[in-house]
Amino acid sequence: MITSINKVSYPNTLIVILAQGDGKSNFEEKGDVTRVTDGKGELTGFNFFNVDQVLDYDKLPNGEVKLDEDQVAALNEKLASVGFSDKLTVAKPTLVYGYVKECAAHPDSDHLHVTQIDVGDGQDHQIVCGAPNIAQGQKVVVALPGTLMPTGAQIWPGALRGVESDGMICSARELGLAHAPQKRGIMVVPDSFKIGDEFEPTKCDELLASGAITL
């Protein structure tokens, strides 16, 4: 789940994105809430207008908003009050540390690799990666589906050259770190980092600055 606010272009509006959808959008409005579905009728998100009546708007950041349990409960009360039966849940971290269990050449590319990534959730995530330094045995930063990147890009399942890919393995530049090296390659974090833990930008940038992480 991606939740965000643009206090300049769309003031007092919380945008909730639950899925990528098929590129088409249908809208159902009830009170100050718009329910969004795709062309297949699958729920893709909500727009909460006049959100200051539900949440403390002045304390919300401009950009991505990480909602806590109380805030999600307040939004669910709002959904129910206008007549929607859907319920939101607190989003789990989607930008996390992962372990590269397998790394194989892409069957239809001379530079892509197909990896199997463990992020501590009990399943392997297949991610296609084009970084020249990707290798089995690394610990890396993984953007799972439903991630809003610092650039504003949204990460959803897809396919690269015919192979399914369930996220992205990130470079320091893609993560918006100030000390990111200006060359291609994913960022490899120390072995001491625990898989599944949420990415810590300040900690990683400090390690880049000190030379403890070189790419």
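The values are calculated or read from the model by the stated rules, or taken from the named source; none is laboratory data. The model shown is predicted, which means the values in this text are computed figures rather than measured ones. All Cβ positions, glycine included, derive from the backbone under ideal geometry; neighbour counts span all protein chains shown. Each accessible area value is taken on the protein alone, full model and side chains, heavy atoms only, with ligands, DNA and RNA left out. Shrake-Rupley method; radii C 1.70, N 1.55, O 1.52, S 1.80 Å.
Label the chain by shape, choosing from rounded, prolate and oblate, from the square roots a ≥ b ≥ c of the eigenvalues of the Cα gyration tensor; if a/c is under 1.5 it is rounded, and otherwise prolate applies when a/b is larger than b/c, oblate when it is not.
Because a/c hits 1.5 or more and a/b exceeds b/c, the chain counts as prolate.
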(message) For a quick check of understanding: with a 1.4 angstrom probe and all protein chains in place, what accessible area in square angstrom does K139 have, to the nearest ten?
(response) 40
(message) In Å², and per residue, what accessible area does region 96-171 have when probed at 1.4 Å with the other protein chains present?
(response) 43
(request) Could you work out how far helix 69-82 tilts from the main Cα principal axis of the chain, as a 0 to 90 degree angle to the nearest 10? (result) 40
(request) Could you please put D86, D108, D70 in sequence from largest to smallest accessible area, using a 1.4 Å probe? (result) D70, D108, D86
(message) Just want to confirm a number: the relative contact order over the chain, from Cα pairs under 8 angstrom separated by 6+ residues, in percent.
(response) 15
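If I take R0 = 25 Å and measure r between the Cβ atoms of A105 and S192 in this structure, what FRET efficiency does the formula 1/(1 + (r/R0)^6) give, to the nearest 0.05?
Details: r = 30 Å, r/R0 = 1.19.
The pair A105/S192 has a calculated efficiency of 0.25.
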(request) Keeping the other protein chains in place, figure out the carbon and sulfur percent of the accessible area of the chain, with a 1.4 Å probe. (result) 46
(message) With a cut-off of 8 Å between alpha carbons and a minimum separation of six or more residues, what is the relative contact order of region 87-145 in percent?
(response) 40
(request) Compute the long axis of helix 201-210 from its Cα atoms, compare it with the longest principal axis of the Cα atoms of the chain, and write down the angle in degrees, 0 to 90, nearest 10. (result) 30
(request) Lys and Arg at +1, Asp and Glu at -1: add these up for the other residues within a Cβ distance under 13 Å of A131 and post the number. (result) +2
(message) Which of the three applies to region 120-165, rounded, prolate or oblate, going by the alpha-carbon gyration tensor with a ≥ b ≥ c and a/c under 1.5 meaning rounded?
(response) rounded
(request) Report the local net charge at Y99: Lys and Arg +1, Asp and Glu -1, summed over other residues whose C-beta lies under 9 Å from its C-beta. (result) +1
(request) Whole Å is fine, so just give me how far the alpha carbon centre of region 134-160 lies from that of region 1-69. (result) 22
(request) Place a +1 charge on the Cβ of each Lys and Arg in the chain and a -1 charge on the Cβ of each Asp and Glu, then give the dipole magnitude about the Cα centre in debye, rounded to the nearest 20. (result) 440
(request) Would you pull out the residues with amide H under 5 Å of A172's amide H, same chain only if 5 or more places away, H placed 1.01 Å from N? (result) M187
(request) With all protein chains present, calculate the accessible area of H113 using a 1.4 Å probe and round the result to the nearest 10 Å². (result) 50
